[in-house]
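Below is one structure; the comments refer to it alone.
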Amino acid sequence: MKLLFYVSKLYSLPVVLPLVEEAKHTDAEIAFFVSSKVKKKLPDEISDLQVFTDLNSAADFNPEFVLCPGNFVDFRLPGIKVELFHGIGVEKPSHYRIRHFFDMYLTSGPVVTRRFTQMQNRYRYFRTVETGWSKIDHILKYNTENLRERFEIPADRKVILYAPTHSRTMQSATMLLPEIEKTMKPDEIWLCKPHEFMDRSLVHGITDKQHFRLITDYDITPYLHLADVMVSDTSSVIYEFMVLDKPVVTFRTLARKDKGINIHKPLELRAALDRSFLNPGEFSNNRKRHLEQVNPRLDGNISKGILDLLATIDPEEPVGTRRKPLNLFRKMQILYHSRFRKGYMR
C-alpha cells in the first residue's frame with residue numbers, strides 16, 4: 001500500500017503523525033507532499049521518509065491513497081483522495097462543505113457521519129466511513145513525563161489555556177483578552193494559543209509576561225495536558241481538550257452549551273474559573289455524553305483502524321457509483337495557485 005500524506009499547514013501535522021507511526025509497523029510505503037512552510041519544520045518522526053515539495057515528484061510516487069487533513073487536495077495527483085479533516089469543527093458550516101476533491105470522508109463521530117452520509121447519498125461519488133479523528137490518538141498517547149519541568153511551569157501554579165477561534169462570528173478575543181489581564185492571579189499561568197489567522201495585535205497588548213505566555217508552537221497537544229482548565233468560545237479545540245476530561249469555560253458558545261460553564265459577559269470569567277477549579281468533575285458526564293456524538297472512539301487505535309480500512313479497498317476500483325463533478329472553478333483555483341503562488345498548496 002502506497003500512502004501519500006498531503007500536508008499544507010503546520011497544525012495538520014499532529015493529525016497525520018499517529019497514522020505515520022502506525023504505518024511504519026506495516027509494509028506500507030510512505031511519502032509526504034508538503035508546502036514550503038511545512039518543509040521548514042518537519043518533525044523527527046518523518047525526517048527519514050520521502051518528502052516532496054513539487055507536484056511532479058509527488059505524482060511520480062504514484063500513491064494509491066492521498067491522505068489529506070485539510071479542505072483541498074491537488075486533483076492532478078493519482079490515487080484515492082481521503083479527507084482526514086484538520087479539526088473537529090462540528091459547529092462550523094465549512095466543516096460540511098463538499099468541494100468535490102475527495103473520494104472518501106473519514107468522519108469523527110455520529111453527528112458528522114449523519115451529515116456526510118446524507119451528502120453521500122445525494123452525490124454518490126464518494127464514500128463516508130466513521131473511523132474517529134486520528135489526532136485523538138496523538139493526544140491520548142502523548143508523552144507527558146516531566147511535562148511541567150520541560151515547559152518550566154512550577155508545580156504550585158494553576159494553568160489556564162486560552163484557545164480562541166478566529167471566526168468573526170465566533171471569536172472571543174476582542175472581549176475576553178482585556179478581562180483576562182485583569183483577572184489573572186499570582187498563582188496562575190495563562191497560556192494563549194491563538195488561531196493561526198487571529199489578529200496577533202490583540203495578544204501582544206497583554207503586558208504581564210510573568211503570568212501570560214503566548215504559544216507559537218504548531219502543536220497544541222502538550223498544552224492540553226498542561227492545562228487545568230481551558231477557556232475558549234466555539235473553537236473545535238475544545239473537543240480535543242474534552243478527551244482528557246478536564247473542565248472548559250466557554251464564551252457565548254453556539255452549541256452543546258452544557259459541556260462546561262458557558263458565560264455571556266467577560267466579567268463572569270473569574271467566577272467560572274474559580275468554580276471549575278473547585279469542582280473539575282462537575283460537567284464530566286456531559287463531556288463524555290457529547291464526545292459520544294462528536295468522537296466516541298477513545299481507545300488510541302483510530303489510526304490502526306484507518307489503515308486497516310484502507311487495506312480492504314482496491315485503489316483500482318471506483319469508490320462511488322457516479323463520477324466526480326467537473327469542478328472546473330476549484331480546479332482552476334488550484335492551477336492558478338500552483339502557477340503564480342510560491343508554496344501553492346492550500
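Residues that are outside any loop (DSSP other than H, G, I, E, B) and either among the aromatic types (F, W, Y) or farther than 20 Å from R256 by Cα (or both) within segment 291-318 comprise I302, S303, K304, G305, I306, L307, D308, L309, L310, A311, listed in sequence order.
Every residue in segment 319-333 that is assigned to a loop (DSSP other than H, G, I, E, B) and aliphatic (A, V, I, L, M), please. Walk me through how you get there before you give the answer.
Within segment 319-333, the subset assigned to a loop (DSSP other than H, G, I, E, B) is 319-327.
Listed by number, the residues that qualify are V319, L326.
Of all residues being at pLDDT 95 or above and out of contact with any helix residue (DSSP H, G or I) (no Cβ under 6 Å at 6 or more places or on another chain) in segment 64-73, which is nearest to R330 (Cα to Cα)? Just the residue, please.
So the first thing to find is which residues in segment 64-73 are at pLDDT 95 or above, and the list is 64-69, 73.
Remaining after also requiring out of contact with any helix residue (DSSP H, G or I) (no Cβ under 6 Å at 6 or more places or on another chain): 64, 66-68, 73.
Working: E64: 23, V66: 18, L67: 19, C68: 17, V73: 10 Å.
Here the residue is V73.
Among the residues making up segment 204-250, those that are modelled with pLDDT of 95 or more, farther than 25 Å from I302 by Cα and not polar (S, T, N, Q) are D228, V229, V231, V249. Checked against (1) touching a residue at least 60 places away in the same chain (Cβ under 8 Å); (2) assigned to a strand (DSSP E or B); (3) not small (G, A, S), D74 passes all but a single condition, namely (2). A count restricted to segment 36-68 and to residues that are touching a strand residue (DSSP E or B) at 6+ places or on another chain (Cβ under 7 Å) and assigned to a loop (DSSP other than H, G, I, E, B) stands at 7.
In this entry, I180 is excluded by the filter for residues that are modelled with pLDDT of 80 or more, part of a strand (DSSP E or B) and buried (at least 16 other Cβ atoms within 10 Å of the Cβ).
Within segment 22-48, no residue that is outside the structural domain of Y11 (by TED's automatic domain parsing) sits with its Cβ atom under 8 Å from a residue that is among the aromatic types (F, W, Y) and in a loop (DSSP other than H, G, I, E, B) at 6+ positions apart or across chains.
Results for (1) surrounded by fewer than 22 Cβ atoms within 10 Å (Cβ to Cβ); (2) modelled with pLDDT under 95, shown as yes or no for each residue.
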| site | (1), (2) |
| --- | --- |
| V16 | no, no |
| L19 | no, no |
| E29 | yes, no |
| K41 | yes, yes |
| A59 | yes, no |
| N62 | yes, no |
| R76 | yes, no |
| K81 | no, no |
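To keep it simple, each residue is scored yes or no on (1) more than 29 Å from R97 (Cβ to Cβ); (2) in contact with a Pro (Cβ under 7 Å, 6 or more places away or on another chain); (3) surrounded by 21 or more Cβ atoms within 10 Å (Cβ to Cβ); (4) of a type outside the set (S, T, N, Q).
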{"residue": "V129", "(1), (2), (3), (4)": "no, no, no, yes"}
{"residue": "G132", "(1), (2), (3), (4)": "no, no, yes, yes"}
{"residue": "R150", "(1), (2), (3), (4)": "yes, no, no, yes"}
{"residue": "P164", "(1), (2), (3), (4)": "no, yes, yes, yes"}
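Does segment 309-331 contain at least one residue that is touching a Gly at 6+ places or on another chain (Cβ under 8 Å) and touching a residue at least 24 places away in the same chain (Cβ under 8 Å)? Yes: segment 309-331 contains one or more residues that are touching a Gly at 6+ places or on another chain (Cβ under 8 Å) and touching a residue at least 24 places away in the same chain (Cβ under 8 Å). Where helices (runs of 4 or more DSSP H) fall wholly inside segment 81-161, the ranges with 3 or more residues that are in contact with a helix residue (DSSP H, G or I) (Cβ under 6 Å, 6 or more places away or on another chain) are 110-123, 135-140.
The values are calculated or read from the model by the stated rules, or taken from the named source; none is laboratory data. Please read all numbers here as calculations on a predicted model, not as lab measurements. Reconstructed Cβ throughout: ideal geometry from the backbone, glycine too, with neighbour counts over all protein chains shown.
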